[in-house]
Amino acid sequence: MNADVGPSGLARSAAVKLSEMGARTKQLGTAMQDPHQQRRIILVIVCVALLLDNMLYMVIVPIIPDYLADLENEQSEHVHVVLHPNASAYGNGTGTGTGAGPDKRNNLDVQIGVLFASKAILQLLVNPLSGTFIDRVGYDIPLLIGLTVMFLSTCIFAFGENYATLFAARSLQGLGSAFADTSGLAMIADKYTEEAERSRALGIALAFISFGSLVAPPFGGILYEFAGKRVPFLVLAFVCLVDGFLFLTVIRPFSNRTRENMPVGTPIYRLMIDPYIAVVAGALTVCNIPLAFLEPTIANWMESTMHSTQWQMGLTWLPAFFPHVFGVYITVKLAARHPNLQWFYGALGMVIIGASSCTVPACKTFGELIAPLCGICFGIALVDTALLPTLAFLVDVRHVSVYGSVYAIADISYSVAYAMGPVVAGQIVHNLGFVQLNLGMGLVNVLYAPALLLLRNVCQMRPSYSERDNLLEEAPQGLYDTIRMEERRAKKKKKKGYSSAGNCLPVDENGFDAFKAQRSQSEESSGAEFT
């Protein structure tokens, strides 16, 4: 018994643990050979990346205003000590005291608004470039770039102690989001090719986005109150680091053979002028305007109108998470049964958003306010869940099935709303009033809903799912098509009860072998060159 606790016993236990870790690693490698298991793990990685991005976007809401106010007060008190150490006796005679209070407060509000909007503004500027880049190099490397930049920006936020550093970190986050969000959504659309599965996968991603946006303010506020400014950002940086390592382990972006011969995607400017894609992009912008405009203005309105406490203002949006998830769930179920009504689900969501926005100013208590805010988030869930898969479908039937640019357009649509929100909403409230702001947002959503009628015949554009496989008029063009055909055939075989070993493509019931066709095509081309 004593030998078990000696050096030899420790060596044996270490060997057992190493063997168990090796077995688990082998199991993970075996699971990654299965396309179904692989895309599930990819979905988890992408969802965590989207969760982090939206938590980083919203976690600063309860932190930065208070932190910047304290920072400005400290600078005002010690400015003469820092600049003129020998003239500190004159500190009480300066004109930087309370006399400039209102001007300082207005300046601080402008600084906070610009800081909040800088992420969306840079994201808006970078997205056209990131979408084209994703179409050229694939989805994995841009996602890795996005995770890396998000990790760096989070660390800078944690240790930044002045406005310029925080502004640089916030802008850097917009750069990371332009790559991570776009490539993540495009990767989901690429891995889930059937419409029902694609809607379900994008719905799960939207649920993570919603959870990150709504849980981040109380998460950041609680940790900031009890542990300081650095802790919430360091926690998110650690999660981002873990997600990045999992991504490198599972996907191995620098050895992905699918990227070697990807088809050339449609240029983003051509997608932007597609009337169907333009209508969808406009709907995504309009439906997110109420959320983007209310987030920076509703706290002050609650404080002045219903004298809400700090915890009520911090938890304003948290109850809306549950109707948002319910909206995602019900839209996915309805889309699976009636896919030709996707446009109707989006239009219904915009009407619900409009009606809910108009009822917000009529609320007199915190309990009454929860209902319209839940209605807004429920409507956004309907619109996003119905229209995001529609973008991928429109690219499939009208353009080339490469999704980087089209989801860059979706990200641009979101960024337009969230770039205007912190800057424009405050000015509208100051000049016109909070009631007029909500009535205007509600009216815009209701008036835009009929535009989605343009999408009512989109389902009739649907071609046969594997048109290229069924016609068999041309061999796979390069490695990319061969791999995609291999994945689709393996999926069909699994549904029929068959299985294929290794990476070999079995000959199908029509006698077609993809690798043989590709080999014969290359032999013919080489023969032609020799002749």
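Please treat every number below as a calculation from the coordinates, not as lab data. What you see is a predicted model; the values in this text were computed from it and never measured. Here the Cβ is made from the backbone with ideal geometry for all residues, glycine too, and neighbour counts use every protein chain on show.
Annotations
- Relative to the current alpha-carbon distance between GLU194 and VAL400, full extension at 0.36 nm per residue lengthens the span by 72.6 nm.
- For segment 332-455, the fraction of alpha-carbon pairs lying more than 20 Å apart is 53 percent, rounded to a whole number.
- Square roots of five times the Cα gyration tensor eigenvalues for segment 339-387, Å: 25, 9, 5
- Descending semi-axes in whole angstrom, ellipsoid equivalent of segment 178-281, from the Cα gyration tensor: 32, 20, 14
- Computed over neighbours whose Cβ is under 12 Å from that of LEU115, the net charge equals +1, Lys and Arg +1, Asp and Glu -1.
- Distance distribution P(r), segment 282-396, all Cα-Cα pairs, bin width 5 angstrom from 0: 2, 12, 22, 22, 16, 11, 8, 5, 2, 1, 0 percent.
- Working from label points 7 Å from Cα in the Cα-to-Cβ sense, the LEU341 to MET461 distance is 2.2 nm.
- Net charge of neighbours whose Cβ lies under 14 Å from the Cβ of VAL332, counting Lys and Arg as +1 and Asp and Glu as -1: 0
- Where labels lie 7 Å past Cα in the beta-carbon direction, separation of LEU248 and ILE330 in nm: 4.5
- Computed over neighbours whose Cβ is under 14 Å from that of VAL406, the net charge equals -3, Lys and Arg +1, Asp and Glu -1.
- Between LEU454 and LEU71, the contour length at 0.36 nm per residue exceeds the alpha carbon distance by 132.7 nm.
- Cβ-Cβ FRET estimate between MET306 and LEU108, R0 fixed at 25 Å, reported to 0.05: 0.55
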